[in-house]
Amino acid sequence: MDAIRKIIHIDMDAFYASVEQRDEPRYRGKPLVVGGLPQQRGVVAAASYEARKFGIHSAMPSRTAYQKCPTLIFVKPRFEVYHAVSRQIREIFHRYTDQVEPLALDEAYLDVTQNKQEKPSATLIAQEIKAQILQETGLTASAGISINKFLAKVASGFDKPNGLYLIPPDAAVAFVETLPIEKFHGIGQVTAARMHELGIHTGKDLKQWTELDLVAQFGKVGHYYYKIARAQDDRPVEPNRIRRSIGAENSFAEDLGDRTTILTELEQIAQLVLQRLTESKATARTLTLKVKYADYQQITRSRTLTTPIQDLETILKLTHELLAITEVDRRNVRLLGITLSNLTPNNSDIHYQQLTLSFKQGFTI
Amino acid sequence: MKLICTQNELNTHLSLVSRAVPSRPSHPVLANVLLNADEDSQQVSLTGFDLSLGVQTSFKGQVEEGGILTLPAKLLSDIVSRLPDGEIILDGEADETLVTLTCASGRYQVRGMGAEEYPELPTIADGQVAYLPIEALLEGLRGSLFATSSDETKQVLTGVHIAVDADGMEFAATDGHRLAVVETENLETEDKGGTDKAKFDVTVPGKALRELERMIQMNASAEPIAVRFDQGQLIVQWDNQRLTSRLLEGQYPNYRQLIPKQFSRQLTVDRRVFISALERIAVLADQKNSIVKLNLSVADQETVLSVDAQDVGSGRETVPSQISGEDLEIAFNVKYLLEGLKSFDTAEVQMQCNTSTSPSILTPLGSLKMTYLVMPVQVRS
C-alpha cells in the first residue's frame, strides 16, 4: 500500500442558484430554482437553500417544485456564466496541484499529497481554496478532506453549506461505521430502502456482509460497497478523465406498469440528460435506453444517428422508438435510464450535418 | 430412423438452416432444427424457422429407416462441425427423441423433441410466381442490400423493395441517407390467378435476402429461381432448397421522385483508383466523423479528396477525373461512397452532382443499370 493520500473534494454550494442570487440582488434570500419552467414540463437543475427548505431538490419536476412552493422563482440556466465561474475555480485549484479531476462544473477532486506550494496540511489548503473562491467569485464552497475520494466526498457533504470537514486517517474506519447508509455516496434512495429491508442501516451493518453476499444481492456494485464499508477506495484522482457518456437514470420504489407513467418518467430523465449535455458543451450521436424489469433483468437498446443529438425533441423521439422495441407493455419496470455517448465537443467552429432524403407521404426519418 | 451421410454435407446444410434458428426462441421447439429422413427418395431435409424467416434444404443420404424429429440446432452444429471428415450415422429409436451420432472417432447422444409441435413453413397456394435468372437476382441483391437500414425501428427501410412487371425487376433500398436502385431485365412471370402478366411490389426483410444471397452463391443452379409472393409471404425455391420470409408491412417510400433528372456537374473516374484513395482517406476519417471532402476542379481535371480529423490528423489525395460543368466542393460520409462503389463491377464510374447540399448520383459506366443516390454532408462554419 502506498503512503497515505491527501484528497480534497470541493463542491460549490447550490452552484447555479447561488450564481443567480449573486448576480441579481432581488433573488437573494428567496426560494429560487434554476431549470425548466413548470408549464414546459421542465426539471429543477439546482435549488437555492431557501428553496430546499420546502423539500425542493435538483432533478425534481419543476411542476412538483412549484406545488411545494408557489412563490418559487424560476430562472433559466445561463450556462456561459456557470462555465466562466467554473474556469475561475479550476484555475484556483491549479495553484495548488495539477491533480484535479473535475466531476461537473461545480465539483472536483484534488490530490494534494504532493502540492505546488509544498504545504503539509490539506486542511489548510482547503481553507485557502475556499477563501480564494469566495474572494474571487463571491460564492461559497464546501470542502471535504480525507484519504480517498469516497471519504472526501462524504466529508464535503457533511457540513454544507460553506463547510469544511476533515476525516483524519485514524478516524476513517470508525467514521464509516457510524455513517447512515443513505449518506453513502453511490447509494441512492431506492438502494437505501432495500438495504433497510435487509437490516442495513449504518456502515457497521454493511460491514457484516461478505463480499460474495453483497455481489449476490446488488450485482457488481457490491464490490464497491464492500470496500467503502471498510473506508477503502483506491480510485486515483484522474486529471485527464475523458467523459465518454452523459446519462441519467432513476429507479422506482414501486415498479412501473403503466405506459403513461413510464413516458412521463422518461421525459423527466430526458430533461436531465439534456441539461447535462448542454452543461458539458457537447453533442452526442448515440442514445441508449436502459430498462430494468421487475425481475432485475436489465436490457439496453441503442441507436446511433449520423446527425448530432442536441435537443429534447430528438432525445424523446429516439427514446420512444427504442421503448417500442422493449417489453414494457408486458413487464413491469423498476429502473429507467437514458445515456448519450459518441460525444463531440461543441467548441469546434465547423458543423457537419448529414443531409437526409426527403420522402413524401408523411415518411419521416 | 437411421441414416448415413458425410460430415461435410451435414455440416454445410446445418450451417445454412442454423441461420434461421432464433437465438431467443419464442417457443422452445424453435431452437431446434427439423430433421426429416425420407426412405423412398433417400433424401434428408433440414429446416430452421424463426416464424419470420424459414430455411429448408435437403441433400442425398443413405436412409435405411425413415423418420422425423427435431434436434437442438446449436448443440448439433457445434458437435457436427467438429467431427472428422467421413461418414456419420444418425440413429434414433422409432418413438424416441434420443439420437445417436456415430463417427469414426466416437459417438454422441443428443436429446431432441418430437416434430409434432414444429410449425410448418408457410406455403402459397394462389399468388404470383416469377422465374428469375440467378445472375439477375444476385445482381439485384448485391446492388441494394448494403443500403438497407440496420435500425430495426425503421421498419420498411430495413428491407429491400422489389417491384416486378413484364419488363423486369427493380430492387431498391434506402436508409434515408442514400438510395440504391437496381433494374434487371428479362424474366418470365406467371400469374395463377389470371391471364395478365404478373405485376407486383413487395418489401422483403434484408435479413432474409442476405441469407438468400448466401444460399444462392453456395449452391448456384443454372435454372431460374421460382419466387412466389402473396400478401404476407415470399417463398423462393430452387433445386433442393427453399427460403420463406414474412414480408414487411407498410408503404415503401416513393423513391423515384427523389432521383434528380438534371445535373450541373459530372465527373468520370476509374473506380479502383477512386476506391483506393477513399480507403486511405477513411483511415483518418473514421477516427472522427467519417467525412471526406471532394473538390472538383474543371481546370485541372482532377478531384481532390481531403480529410481533416480534428486533433488526429489530416490527409489529401488527388484522383485524375474527367470533369464537366463547374467546380464544386462537396462532402460525404466516406462509408456511403465506398459501399456504393464496391457494389459496382465496372472499370469506370460516373458521378453527377448539382450543389453541395443536393443529392449526388453514382452510376457504373456500362453493364448493369444501377443508380446510387447519396445525400451529402453539409459543412457550416
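The values are calculated or read from the model by the stated rules, or taken from the named source; none is laboratory data. None of the values given here were measured: they were computed from a predicted structure. Cβ coordinates were reconstructed from backbone atoms using ideal geometry, including for glycine residues, and neighbour counts include every protein chain displayed. For accessibility, only protein heavy atoms count, side chains too; no ligands or nucleic acids. Shrake-Rupley method; radii C 1.70, N 1.55, O 1.52, S 1.80 Å.
The set of residues in region A:285-308 being among the β-branched types (Val, Ile, Thr) and modelled with pLDDT of 85 or more consists of A:Thr286, A:Thr288, A:Val291, A:Ile299, A:Thr300, A:Thr304. All of (1) within 11 Å of chain B (Cβ to nearest Cβ); (2) at pLDDT 75 or above; (3) open to solvent by less than 60 Å² (accessible area, probe 1.4 Å) hold for A:Phe363 with one exception: (2).
For region B:45-71, which residues satisfy the criterion of being closer than 13 Å to B:Ser18 by Cβ and open to solvent by 30 Å² or more (accessible area, probe 1.4 Å)? Listed by number, the residues that qualify are B:Asp50, B:Gln56. Looking across region B:289-308, the residues that are within 13 Å of chain A (Cβ to nearest Cβ), not acidic (Asp, Glu) and not in a loop (DSSP other than H, G, I, E, B) come down to B:Ile291, B:Val292, B:Lys293, B:Val307.
Within region B:121-157, the set of residues being closer than 25 Å to A:Leu287 by Cα, open to solvent by 30 Å² or more (accessible area, probe 1.4 Å) and touching a Leu at 6+ places or on another chain (Cβ under 7 Å) comprises B:Gln155 only.
Conditions (1) touching a Leu at 6+ places or on another chain (Cβ under 7 Å); (2) open to solvent by 60 Å² or more (accessible area, probe 1.4 Å), marked per residue:
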{"site": "B:Asp286", "(1), (2)": "no, yes"}
{"site": "B:Asn295", "(1), (2)": "no, no"}
{"site": "B:Val334", "(1), (2)": "yes, no"}
{"site": "B:Val349", "(1), (2)": "yes, no"}
{"site": "B:Asn354", "(1), (2)": "no, no"}
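A search for C-beta distances below 7 Å between a residue of region A:70-88 that is aromatic (Phe, Trp, Tyr) and any residue that is loosely packed, with under 14 Cβ neighbours inside 10 Å, counting only pairs 6+ apart in sequence or on different chains, returns A:Phe74/A:Leu37. When region A:272-299 is examined, which residues are found to be more than 10 Å from chain B (Cβ to nearest Cβ), open to solvent by 60 Å² or more (accessible area, probe 1.4 Å) and either of a type in the set (Asp, Glu) or in contact (Cβ under 8 Å) with a residue 24 or more places away in the chain (or both)? Across region A:272-299, the qualifying residues are A:Arg276, A:Thr278, A:Lys281, A:Asp295, A:Tyr296, A:Gln298.
Yes/no per residue for (1) within 26 Å of A:Phe158 (Cα to Cα); (2) touching a Gly at 6+ places or on another chain (Cβ under 6 Å); (3) not hydrophobic (A, V, I, L, M, F, W, C):
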{"site": "A:Arg28", "(1), (2), (3)": "yes, no, yes"}
{"site": "A:Gln40", "(1), (2), (3)": "no, no, yes"}
{"site": "A:Ala47", "(1), (2), (3)": "yes, no, no"}
{"site": "A:Gln67", "(1), (2), (3)": "no, no, yes"}
{"site": "A:Arg78", "(1), (2), (3)": "no, no, yes"}
{"site": "A:Asp98", "(1), (2), (3)": "yes, no, yes"}
{"site": "A:Glu107", "(1), (2), (3)": "yes, no, yes"}
{"site": "A:Asp111", "(1), (2), (3)": "yes, no, yes"}
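Being modelled with pLDDT of 90 or more, open to solvent by 90 Å² or more (accessible area, probe 1.4 Å) and outside any strand (DSSP E or B) is a property that holds for A:Tyr66. Scan region B:86-117 for residues that are touching a Cys at 6+ places or on another chain (Cβ under 9 Å) and open to solvent by 100 Å² or more (accessible area, probe 1.4 Å) and the total you get is 1. A search for C-beta distances below 9 Å between a residue of region B:241-266 that is more than 30 Å from B:Asn295 (Cα to Cα) and within 14 Å of chain A (Cβ to nearest Cβ) and any residue that is open to solvent by 20 Å² or more (accessible area, probe 1.4 Å) and among the basic types (Lys, Arg), counting only pairs 6+ apart in sequence or on different chains, returns B:Pro253/A:Lys360; B:Asn254/A:Lys360.
Against the definition (in contact (Cβ under 8 Å) with a residue 12 or more places away in the chain and within 19 Å of A:Asp13 (Cα to Cα)), how does A:Ser156 come out, yes or no? Yes. Filtered by the rule that a residue be facing chain B (nearest Cβ under 10 Å) and without any contact (Cβ under 8 Å) to a residue 40 or more places away in the chain, region A:318-329 gives A:Leu318, A:Glu321, A:Leu322, A:Ala324, A:Ile325. Against the definition (within 30 Å of A:Ala171 (Cα to Cα) and either of a type outside the set (Lys, Arg) or surrounded by fewer than 18 Cβ atoms within 10 Å (Cβ to Cβ) (or both)), how does A:Ile73 come out, yes or no? Against the criterion (within 30 Å of A:Ala171 (Cα to Cα) and either of a type outside the set (Lys, Arg) or surrounded by fewer than 18 Cβ atoms within 10 Å (Cβ to Cβ) (or both)), A:Ile73 does not qualify. Can you confirm whether region A:27-50 contains a residue that is at pLDDT 90 or above, of a type in the set (S, T, N, Q) and within 27 Å of A:Thr261 (Cβ to Cβ)? Within region A:27-50 (the criterion being at pLDDT 90 or above, of a type in the set (S, T, N, Q) and within 27 Å of A:Thr261 (Cβ to Cβ)), the answer is no, since none of the residues qualifies.
From the set of residues in region B:356-370 that are open to solvent by less than 30 Å² (accessible area, probe 1.4 Å) and within 23 Å of B:Pro320 (Cα to Cα), which is farthest from the other protein chains (Cβ to nearest Cβ)? Checked region B:356-370; the qualifying residue farthest from the other protein chains (Cβ to nearest Cβ) is B:Pro364.
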